[in-house]
Amino acid sequence: MVWDGSNGMNNAMAYVATEPIEVWSFDVMSFVDHTATMEPITDSWYLTSIRAGLEPWSDGVGLGVDSFSAKVN
């Protein structure tokens, strides 16, 4: 699921898992490429962070991220 809106200070976009993910490895450029095709994204936007985490909307018991890393080539 894609969420877009204001984070209180800036326009923001987040990809939200609809099911639990136990292990995942991916190329962040696939997200960048997809996001670049969406409104209201423009060429003036910058990618300022890559994060993994959670915001429990309901039933948050046992949720967590044990390890996260990002490598930019």
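Assorted remarks:
- Of the residues making up region 17-42, just one is more than 17 Å from MET1 (Cα to Cα) and in a helix (DSSP H, G or I), namely MET29.
- Checking HIS34 against (1) surrounded by 10 or more Cβ atoms within 10 Å (Cβ to Cβ); (2) modelled with pLDDT under 85, the condition it does not meet: (2)
- Once region 40-55 is narrowed to residues that are surrounded by 10 or more Cβ atoms within 10 Å (Cβ to Cβ) and closer than 22 Å to ASP66 by Cα, the residue that is farthest from the chain's Cα centre (by Cα) is LEU54.
- Residue within region 43-53 that is at pLDDT below 80 and either more than 19 Å from VAL2 (Cα to Cα) or basic (Lys, Arg) (or both) present: no
- Being in contact with a Leu (Cβ under 8 Å, 6 or more places away or on another chain), among the β-branched types (Val, Ile, Thr) and not in a loop (DSSP other than H, G, I, E, B) is a description that does not apply to VAL65.
The values are calculated or read from the model by the stated rules, or taken from the named source; none is laboratory data. All of these numbers come straight from a predicted model, not from anything done at the bench. FYI the Cβ positions are ideal-geometry reconstructions off the backbone, even for glycines, and counts take in every protein chain you see.
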